[in-house]
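Report on one structure; see the data block that follows.
The values are calculated or read from the model by the stated rules, or taken from the named source; none is laboratory data. Not measured: the values here are computed from a predicted model. Glycine also receives a Cβ, built like all others from the backbone with ideal geometry; neighbour counts cover every protein chain displayed. Ligands, DNA and RNA are stripped out before the accessible areas are found, and what is left, the full protein with its side chains, is counted by its heavy atoms. Shrake-Rupley method; radii C 1.70, N 1.55, O 1.52, S 1.80 Å.
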Amino acid sequence: MASLSVKPGQRFTLPDWKNNSLLISADAEQQRFNSHHIRQEGRVLRNDTGNQAKWDEHNSRTHLKDRINTVDKWREALAKCLTDLDLEIDALGKVKEAAENAIQAKNLCLDVAIECLTFRESRRDIDVVRDPVEEELHKEVKVIEKTKKELQQRVDDAFRQLCRLKEARQQLSCDHRHKVEALELDRQCMSFNPTSGNISFKVNPTRIPDGTTALSEWELNSRCNKERAEAEMRASVDLRGAITLTIAQTNNELDAQRIATEFALRKRMRDMEAALSELRWQEKNTLEEIAEMEEEIRQLEEDIKKRTLDLKVAHTRLETRTYRPHIELCRDEAQFGLTDEVQQLEGIIRALQQKRTESQDALDALYRQLHRIQTDIGYKTNSLQLDNKCMDTRRKLVVPVEKFDPEVDAVSRTRNLPRESQLELA
């Protein structure tokens, strides 16, 4: 007779079975809830970190751009100073050569005076007297020797000044070269992006390299180099003026009034050139500002047009919603939002229109100022041409060749130097 087989093991009750199912369902819901919460947190984290990374990269790029602009401005200033230094070295070298030529020219005068004294030593008997001619000849010899000594001192001063100028130029050139290299590196950094092929992880990239200097020290170094060069140029200009004055004083046929007049005229021409340079700089900047202001007005007008179109859209939406039937014509959140949008847009348009009016007024003022600047440039250009004609006319007063007179340009070349370095003559 067959028997019923019973599955060995523990038997659970029906409530146990139901509780187990409920527990599994509850655990599943809890796990899904936890997973959903983690996903939301991950999404928020991704958004926050993505935005933060974008802003950090934007700030870094902005800082790089600002740094490039700062270094480039210093590079331009140093390059201009180097050009001025080269011109000044050349000008001082010419004046030094002129002083050496003047010393050579005095040798002939000295030989003539000594030869005259030698001739007079051949006098005989009672004619061998110390007369006024002999006294004047001895005075002439002393004056010539004193003049040669003064000129030689000026030549020595010019040599030492040339050494200082070249030393300043060496430092300035080194600083300029370093800034060019730094600009190349920073511009290379600007070109890097996540798709660049030459980016990689570096070992301890945030370290402070040996020899790192503070920003204030960096700027102070460049300013000191530039100021030293400008100071040496000012000293050179003063020295050139002194050498020229010494040479001019050895020319017996030039009087004090001619020297004073020519130096005053040269100073006036330098001041006029400086004023013209300043006016042309102002004209250039004003034209640039006019262009930027015109572009700004154009942008304002475009924004006004865009906001006007937005306002038309908001108006149309509000008007269209007034045709909702019966109970649907309610003041819902959309109604409030559209009303606020209209008010905001109207305020924005008024602000943009007010700013456009202010910008147009500023543009008109810029045009008026530009007209004043250009008119003044015309006046000063005419005055400078008249002064140049005066200088050309005064060349008729040049003494003979054997009485050396230096080139005017070798003394008065200061138009490219900083204003504070121009030679001040009373």
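Annotations
- Pairs linking a residue in region 158-170 that is within 13 Å of residue 230 (Cα to Cα) and without any contact (Cβ under 8 Å) to a residue 40 or more places away in the chain to a residue that is surrounded by 18 or more Cβ atoms within 10 Å (Cβ to Cβ) and not basic (Lys, Arg), with Cβ atoms under 9 Å and 6 or more positions apart or on different chains, are 167/232.
- Positions within region 183-217 being within 31 Å of the chain's Cα centre (by Cα) and β-branched (Val, Ile, Thr), in sequence order: 206, 208, 212, 213
- When residue 312 is tested against (1) farther than 30 Å from residue 367 by Cα; (2) touching a Lys or Arg at 6+ places or on another chain (Cβ under 6 Å), just one condition goes unmet, and that condition is (2).
- The set of residues from region 227-252 being open to solvent by less than 50 Å² (accessible area, probe 1.4 Å) and among the basic types (Lys, Arg) comprises just one member, 240.
- Residue within region 384-391 that is in a loop (DSSP other than H, G, I, E, B) and modelled with pLDDT under 90 present: no
One line per residue, one yes/no per condition, for (1) open to solvent by 70 Å² or more (accessible area, probe 1.4 Å); (2) assigned to a loop (DSSP other than H, G, I, E, B); (3) modelled with pLDDT under 80; (4) under 26 Å from residue 293 (Cβ atoms):
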position: 324; (1), (2), (3), (4): no, yes, yes, no
position: 334; (1), (2), (3), (4): no, no, no, no
position: 345; (1), (2), (3), (4): no, no, no, yes
position: 349; (1), (2), (3), (4): no, no, no, yes
position: 364; (1), (2), (3), (4): no, no, no, yes
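- Enumeration of residues in region 277-322 that are modelled with pLDDT under 90 and among the aromatic types (Phe, Trp, Tyr): none
- Pairs, first farther than 15 Å from residue 354 by Cβ in region 299-314, second modelled with pLDDT under 90, C-beta under 6 Å, six or more apart: 310/345; 311/345; 314/338; 314/341; 314/342
- Flag for residue 373 being in contact (Cβ under 8 Å) with a residue 60 or more places away in the chain and either open to solvent by 70 Å² or more (accessible area, probe 1.4 Å) or assigned to a helix (DSSP H, G or I) (or both): yes
Let's see how each residue does on (1) assigned to a loop (DSSP other than H, G, I, E, B); (2) open to solvent by 100 Å² or more (accessible area, probe 1.4 Å):
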| site | (1), (2) |
| --- | --- |
| 142 | no, yes |
| 157 | no, no |
| 161 | no, no |
| 165 | no, no |
| 172 | no, no |
| 176 | no, no |
| 195 | yes, yes |
| 201 | yes, yes |
| 209 | yes, no |
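- If you check 117, 78 for being open to solvent by less than 80 Å² (accessible area, probe 1.4 Å), of a type outside the set (Phe, Trp, Tyr) and either modelled with pLDDT of 90 or more or not in a helix (DSSP H, G or I) (or both), only one passes: 78.
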